[in-house]
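No value in this document is a laboratory result; all are computed from the given coordinates. Just so you know, these numbers come straight off a predicted model, no measurement behind them. Cβ placement follows ideal geometry from the backbone for every residue including glycine, while neighbour counts extend to all protein chains displayed.
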Amino acid sequence: MCTVTTGTAGSTTGGTTGTEPGTTAGSPGSDICDEGDAFYRQALTRGSAPAAQAPGCLLELGLLRRSPESPGTLVPVPPDIAAARLARPIERAILEQEQALRSVRSVLARAEAAYRQIGREVNRTADLLLGEEAVDRALRRAARSCGSDVMTAQPGGGLSEETLARTLPEALDLCSRGVRQRVLYQHTVRSHGPTLAYAEKITAAGAEVRTLAEAFNQVTVFDGAVAFIPAAQEHQPAALSVRHPAIVRYLVNAFDCAWDRAEPVFRGTDRWQPHTFTSQTRQAILRLMVEGHTDKAIGSRLGVSPRTVANHIKWAADHFRAGSRAQLGYLLARSGLLDSQRPDGRTRFG
């Protein structure tokens, strides 16, 4: 007699099993043994077989069932019918598991949607804003929600009157709400009437405006939480809206370093310009010339025209009686004037 291992761990059945013939005990534990194959063939040939001699594997698989006319006799069962009986509890279990799986997914679907949405917002480092309208809209939205401070670094020369008129109401609104506002330009705006008028208005409202001779990067930061920086695009204005804390903190530190070196445009109610504007701009131009930059590159970096650069270099050449640009660079480096300052903070020539 063959031995069949059932689906229940640790139980074996030898000879006839304790399972009633014609019933199933779940998934079978083995294939039909050689003895069972021969017995099933004999039962098919004769139409019946004695129950006492039936191998356990045939009973386990439901291939034999008790004859209604003779209780001690078993009749063969077609394999497809036996397979259907064996598969029925398995299919029922699979259906129940599928229903349970659908239930779990349905319950967690709402949480999954929230997780994906908030995760994208929290982990998003930067958004690319394409077009002047998109950039302005994002800046206005950030300005309206700003609660403590905003810092703006705007290199280059004076801004257009249209740009100044568009940004003035927002700047005044920030001041009226008690938001600290710091604006950094380059020295060249000190000779640009519209930008100076704009600076005078926002300064009167409580903003701080300073200028610096050297180049710096353009950036606007709101509440130390979101920064806007230019994004190079060939055919349209573009900007990056940056929210990553480490990147924003880096930009804030860079702004603070430049701000500490900058000079106020107004001291009290007086516009303060002549000496520092002239001497610091000239010093920056000559330092860049000594480093080997062209007039065009110097002008682009400092926000002045190449002609202005050439005029300052000519003044220095006349001052040192230098016959060439190379000789002027040598004399300047030797003199140490580009690195030295008077006790009052002014450069040693102006």
Under the 7 Å Cα-to-Cβ spin-label approximation, Arg334 and Glu161 lie apart by a distance in nanometres of 5.1 nm
Residues meeting the amide H criterion for Val219 (H placed from the backbone, H to H distance under 5 Å, 5 or more places apart or on another chain) are Ala153
For Asp34 and Asn253, compute 0.36 nm times the residue count separating them, minus their Cα-Cα distance, and round to one decimal in nm.
70.4 nm
Peptide ranges 189-202, 55-68, 287-300, 93-106 listed from the most packed, as the mean C-beta count within 10 angstrom indicates
55-68, 189-202, 287-300, 93-106
Hey, what do the phi angles of segment 136-152 turn into as Karplus ³J(HN,Hα) couplings, whole Hz, using 6.51/-1.76/1.60 and θ = phi - 60°, x for Gly and Pro?
4, 5, 5, 5, 5, 5, 5, 5, 5, 8, 5, x, 10, 7, 9, 10, 10
Full-stretch length increase - Val290, Ala93 - with 0.36 nm per residue and alpha-carbon distance subtracted
62.5 nm
Summed residue charge, Cβ within 9 Å of Gly224's Cβ, Lys/Arg positive, Asp/Glu negative:
-1
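Of the DSSP beta bridges with both residues in segment 154-228, give the percent that are antiparallel, rounding to the nearest 5. Mind dumping the intermediate values first?
Numbers: 3 of 8 bridges.
The answer is about 40 percent antiparallel.
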How much length, in nm to one decimal, is gained on full extension between Arg102 and Gln233, taken as 0.36 nm per residue of separation minus their Cα-Cα distance?
42.4 nm
Report the label-to-label distance for Ala84 and Ser148 in nanometres (one decimal), using points 7 Å from each Cα along the Cα→Cβ vector.
7.5 nm
